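**Student:** Here it is, the structure in full.
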Amino acid sequence: MATGKSVVTIGTFDGVHIGHRKILKRLIDYGGDNELTSTVLTFFPHPRMVLQKEAGIKLINTIEERKQILYNTGIDKLIVHPFTREFSRLKAQEYIEEILVKKLDVAHVIIGYDHRFGRNRTADITDLKKFGKQYGFSVEEISKQDVEEVAVSSTKIRKALNNGEIEKANKYLSKPFILTGTVISGKGLGKGFGYPTANLKIEESYKIIPANGVYVVKTNLDGKSLFGMMNIGTNPTVGGKEQTIETYFLDFDQDLYGKKLQIEILSHLRKEVNFDSTEKLVEAMQNDEKIARQYIAKLSKDLH
């Protein structure tokens, strides 16, 4: 059983991708072998949201999604520290003493080779090792080679999502990209075309939305898997202007209004198109459905 002391890794962990998972596995293994509490120290808002507001960074996960994914990896403890301008001005030593030593009772730190911390991010791994000697904790560095072997970054994943390359993003994430939101009433246009849709509202404005287009998706409802087709876009054929996220669930006709859904995006079917007529649009939707059903049938077959 873990003692009061902890083994800690630090980072924003946006996406919790395969590179992050390598570090988290090492953290959990080390904690288990040495009876230490495996602890992740992460920050919210993302430092760039506070220090570079004009950059308007979009994140792969909302903070709630990130918490859920991190806990699912098997860590013992997660600390989400508020990132503020005041916090960013803490000197390196104050940060180590106040948070790592006093709050987390750290025995061992596992960190990426390029980790920087303290005011203006001036302290690095050498400083961390120096503080380790002073405060009695050891430091383990994830080598550049180890990190680059995976060759994945949150930036690469964001780029793939912005390009609608969902399969590439999912490969980097090692799991499907998710959107979490509440079903609200839409204009009911889909119903008129024989494709009633659930309109998803995402509260967090900082959450990245994949490129406009049609995707194959999946959600779990009351313990059952539901597959569908999601359209992200402005519905230009019917004169739409604002971006919406609408999902037509296959072989399903229950009312979903007010329900909170977490939807996995599995595959990209096509880009959004401004069709000459609603007839052409319906034709395309029927074709999307045919391809989506083939994809889902193959997926189910591969799982069995």
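The values are calculated or read from the model by the stated rules, or taken from the named source; none is laboratory data. Predicted model only: the values in this text are computed from it and were never measured. Note that each Cβ is placed from the backbone with ideal geometry, even for glycine, and that neighbours are counted across all protein chains shown. To get the accessible areas, we keep the full protein, side chains included, count just its heavy atoms, and leave off ligands, DNA and RNA. Shrake-Rupley method; radii C 1.70, N 1.55, O 1.52, S 1.80 Å.
**Student:** Tell me which helices (runs of 4 or more DSSP H) are completely within the stretch 138-206 and hold 2 or more residues being outside the structural domain of Val217 (by the TED database) and modelled with pLDDT of 95 or more, or say none if there are none.
**Tutor:** 154-162, 166-173
**Student:** Here are the criteria: (1) of a type outside the set (Asp, Glu); (2) surrounded by 18 or more Cβ atoms within 10 Å (Cβ to Cβ); (3) more than 28 Å from the chain's Cα centre (by Cα). Tell me which single one Gly118 does not satisfy.
**Tutor:** (3)
**Student:** May I pose another question? Considering only residues of the stretch 210-238 that are more than 21 Å from the chain's Cα centre (by Cα) and open to solvent by 50 Å² or more (accessible area, probe 1.4 Å), which is nearest to Ser185 (Cα to Cα)?
**Tutor:** In this case the residue turns out to be Val238.
**Student:** Check the stretch 69-90 and report whether any residue there is in contact with a helix residue (DSSP H, G or I) (Cβ under 8 Å, 6 or more places away or on another chain), open to solvent by less than 30 Å² (accessible area, probe 1.4 Å) and free of Cβ contacts under 8 Å to residues at least 40 places away in the same chain.
**Tutor:** Checking the stretch 69-90: at least one residue is in contact with a helix residue (DSSP H, G or I) (Cβ under 8 Å, 6 or more places away or on another chain), open to solvent by less than 30 Å² (accessible area, probe 1.4 Å) and free of Cβ contacts under 8 Å to residues at least 40 places away in the same chain.
**Student:** Can you name the residue in the stretch 124-137 that is more than 15 Å from Gly11 (Cβ to Cβ) and not in a helix (DSSP H, G or I) and, of all such residues, is most open to solvent (accessible area, probe 1.4 Å)? It would help to see each step written out before you state the result.
**Tutor:** Taking the stretch 124-137 and keeping what is more than 15 Å from Gly11 (Cβ to Cβ), we get 126-127, 129-137.
Cutting the leftovers down to not in a helix (DSSP H, G or I) gives us 136-137.
Working: Gly136: 60, Phe137: 14 Å².
So the residue we want is Gly136.
**Student:** Is there any pair with a first residue in the stretch 273-286 that is under 19 Å from Lys191 (Cβ atoms) and a second that is surrounded by 13 or more Cβ atoms within 10 Å (Cβ to Cβ) and among the charged types (D, E, K, R) whose Cβ atoms are under 9 Å apart and which are 6 or more apart or on different chains, and what are they?
**Tutor:** Taking only residues 6 or more apart or on different chains, the pairs are Ala284/Arg270.
**Student:** Next question. Only one of these conditions is not met by Gln262: (1) in contact with a helix residue (DSSP H, G or I) (Cβ under 7 Å, 6 or more places away or on another chain); (2) under 24 Å from Val183 (Cα atoms). Which number is it?
**Tutor:** Every listed condition holds for Gln262 apart from (1).
**Student:** How about the stretch 42-58: which of its residues are in a strand (DSSP E or B) and either open to solvent by 30 Å² or more (accessible area, probe 1.4 Å) or out of contact with any Gly (no Cβ under 8 Å at 6 or more places or on another chain) (or both)? First the steps, then the outcome.
**Tutor:** As a first pass, look at the stretch 42-58 and keep what is in a strand (DSSP E or B): 42-44.
Of everything in the stretch 42-58, those that are in a strand (DSSP E or B) and either open to solvent by 30 Å² or more (accessible area, probe 1.4 Å) or out of contact with any Gly (no Cβ under 8 Å at 6 or more places or on another chain) (or both) turn out to be Phe43, Phe44.
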